[in-house]
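A.B. asks: Submitted below is the structure of interest, expressed as structure tokens.
The values are calculated or read from the model by the stated rules, or taken from the named source; none is laboratory data. Computed from a predicted model, the values in this text were never measured in an experiment. So basically every Cβ, Gly included, is an ideal-geometry build from the backbone, and we count neighbours across all protein chains shown. When the accessible area is computed, the model is the full protein with side chains, heavy atoms only, and any ligands, DNA or RNA have been set aside. Shrake-Rupley method; radii C 1.70, N 1.55, O 1.52, S 1.80 Å.
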Amino acid sequence: MSGFSAEWLALREPSDHRARNRALLSTLQALFRARDALEVVDLGCGTGSNLRACAPFLPIRQRWRLVDHDPALLAEARDRLAAWAEAHERAGEGLCLTVGGRHIEVAFVRADLSAGAEPLLDRGADLITAAALFDLVSRDWIERFAAAVAARRAVFYTALTYDGREEWRPPHPSDRVVFAAFHAHQGRDKGFGPAAGPRASAALAKAFRAQRYVVEEAESPWRLGPKDRPLIRELARGIAAAARETGLVPEAELSAWREARSSGASCLVGHTDLLARPA
Ligand SMILES: C[S@@+](CC[C@H](N)C(=O)[O-])C[C@H]1O[C@@H](n2cnc3c(N)ncnc32)[C@H](O)[C@@H]1O
């Protein structure tokens, strides 16, 4: 999967926000409770969902740098954040938002992270964050990234890293073969070298502990049922498309699976959230 559409990100945002691990968000909130201002960098920001989820838990003055390589998503982020805030002002290419008693300055940065995040961290940040990003990157990238964050003594928080769990109901005879193909696709290069896929959170935990960080991981699964039919349908479409690219599942079997999953399944999709702070 090389690109992410704004429509897909909008479809998943309510489920992403519901799934985030509340206990870990509370720990994040407590870390910065004594501060009244915070500098944050959000990597692979898409349309700004991570800011919308985190801002209510962070100090009253926040400055965010939202980073993505896709200019269309950055433009969409600007529009969605302006619509989300109670009040907003354009500040050059950026935005000043007022929401929930908070003043939030947002800068939008177009950058390709595949060569490393270091240049994005050089302007300093208290918190480096990302959501639904790390299964795309390689283990080498993660190790280098953890070293760069630790060199700056920043806190790191990430949410919704896919962990490989797929529990779909009712069972379907092709589940095993389809998910095996999907997970094979997960390991393919997404621009950062061989992707860590479902092993990304474990790789992050190991890399940050090696930097003497205190690491906490917590579950944040999607639990999708009849009310989430549009998201389940799109999820099944995406899984089938990824499995198709591997050539491991006959087309007729894949189509039958997708059809069945689009019309009435419920599912649990596993994710992990992770918070790492200097010891
Ligand atoms: C699954 S989306 C998550 C978006 C957002 N964080 C959210 O939670 O809705 C992954 C994001 O990473 C961005 N991305 C992927 N590869 C990238 C790269 N090489 N450099 C910068 N951003 C990248 C995509 O454009 C996309 O916005």
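A.B. asks: Within the bounds of the range 191-199, is there any residue that is away from the ligand (no atom under 16 Å from the Cβ) and either touching a residue at least 12 places away in the same chain (Cβ under 8 Å) or within 15 Å of the chain's Cα centre (by Cα) (or both)?
C.D. replies: Yes, some residue in the range 191-199 is away from the ligand (no atom under 16 Å from the Cβ) and either touching a residue at least 12 places away in the same chain (Cβ under 8 Å) or within 15 Å of the chain's Cα centre (by Cα) (or both).
A.B. asks: Further question on the same structure: I'm checking my understanding of the structure. Among residues of the range 151-173 that are open to solvent by less than 10 Å² (accessible area, probe 1.4 Å) and on the phi < 0 side of the Ramachandran plot, which one is farthest from the ligand (Cβ to nearest atom)? Talk me through it step by step, then tell me what you get.
C.D. replies: Let us first name the residues in the range 151-173 that are open to solvent by less than 10 Å² (accessible area, probe 1.4 Å), namely 154, 156-161, 168.
Imposing the further condition that a residue be on the phi < 0 side of the Ramachandran plot reduces the set to 154, 156-159, 161, 168.
On the way: A154: 18, F156: 15, Y157: 12, T158: 9, A159: 8, T161: 10, W168: 21 Å.
The qualifying residue farthest from the ligand (Cβ to nearest atom) is W168.
A.B. asks: Please go through the range 110-129 and give me each residue that is open to solvent by less than 50 Å² (accessible area, probe 1.4 Å) and either farther than 18 Å from L66 by Cα or touching a helix residue (DSSP H, G or I) at 6+ places or on another chain (Cβ under 7 Å) (or both), ordered by number.
C.D. replies: A111, G116, A117, E118, L121, I128, T129, listed by residue number.
A.B. asks: Residue pairs, Cβ under 6 Å, 6 or more apart or interchain, first in the range 22-44 and farther than 30 Å from P71 by Cβ and open to solvent by 50 Å² or more (accessible area, probe 1.4 Å), second assigned to a helix (DSSP H, G or I) and within 16 Å of the ligand (Cβ to nearest atom). List them.
C.D. replies: Qualifying pairs under 6 Å: Q29/F57.
A.B. asks: Take the conditions touching a residue at least 60 places away in the same chain (Cβ under 8 Å) and touching a helix residue (DSSP H, G or I) at 6+ places or on another chain (Cβ under 6 Å) and apply them to F179. Does it pass?
C.D. replies: No, not satisfied.
A.B. asks: So which residues in the range 132-147 are aliphatic (A, V, I, L, M), in a helix (DSSP H, G or I) and open to solvent by 10 Å² or more (accessible area, probe 1.4 Å)?
C.D. replies: Correct list: L136, A147.
A.B. asks: Further question: Conditions first: (1) open to solvent by 10 Å² or more (accessible area, probe 1.4 Å); (2) within 10 Å of the ligand (Cβ to nearest atom); (3) outside any loop (DSSP other than H, G, I, E, B). L66 passes all but one, so which condition is the exception?
C.D. replies: Going through (1) open to solvent by 10 Å² or more (accessible area, probe 1.4 Å); (2) within 10 Å of the ligand (Cβ to nearest atom); (3) outside any loop (DSSP other than H, G, I, E, B) one by one, L66 breaks only (1).
A.B. asks: Can you tell me which residue is nearest to the ligand (Cβ to nearest atom) among those in the range 1-18 that are hydrophobic (A, V, I, L, M, F, W, C) and either open to solvent by 50 Å² or more (accessible area, probe 1.4 Å) or at pLDDT below 95 (or both)?
C.D. replies: This residue is F4.
A.B. asks: Is the range 213-220 home to any residue that is over 19 Å from the mean Cα position of the chain (by Cα) and at pLDDT 95 or above?
C.D. replies: Taking every residue of the range 213-220 in turn, at least one turns out to be over 19 Å from the mean Cα position of the chain (by Cα) and at pLDDT 95 or above.
A.B. asks: Kindly establish whether A205 is small (G, A, S), farther than 30 Å from G264 by Cα and either within 14 Å of the ligand (Cβ to nearest atom) or open to solvent by 10 Å² or more (accessible area, probe 1.4 Å) (or both). Full working, then the answer.
C.D. replies: On the way: small (G, A, S): yes; farther than 30 Å from G264 by Cα: yes; either within 14 Å of the ligand (Cβ to nearest atom) or open to solvent by 10 Å² or more (accessible area, probe 1.4 Å) (or both): no.
For A205, the condition - small (G, A, S), farther than 30 Å from G264 by Cα and either within 14 Å of the ligand (Cβ to nearest atom) or open to solvent by 10 Å² or more (accessible area, probe 1.4 Å) (or both) - is not met.
A.B. asks: Also, I was wondering about something else. Report whether or not R61 is away from the ligand (no atom under 16 Å from the Cβ) and either under 23 Å from L121 (Cα atoms) or among the hydroxyl-bearing types (S, T, Y) (or both).
C.D. replies: Against the criterion (away from the ligand (no atom under 16 Å from the Cβ) and either under 23 Å from L121 (Cα atoms) or among the hydroxyl-bearing types (S, T, Y) (or both)), R61 qualifies.
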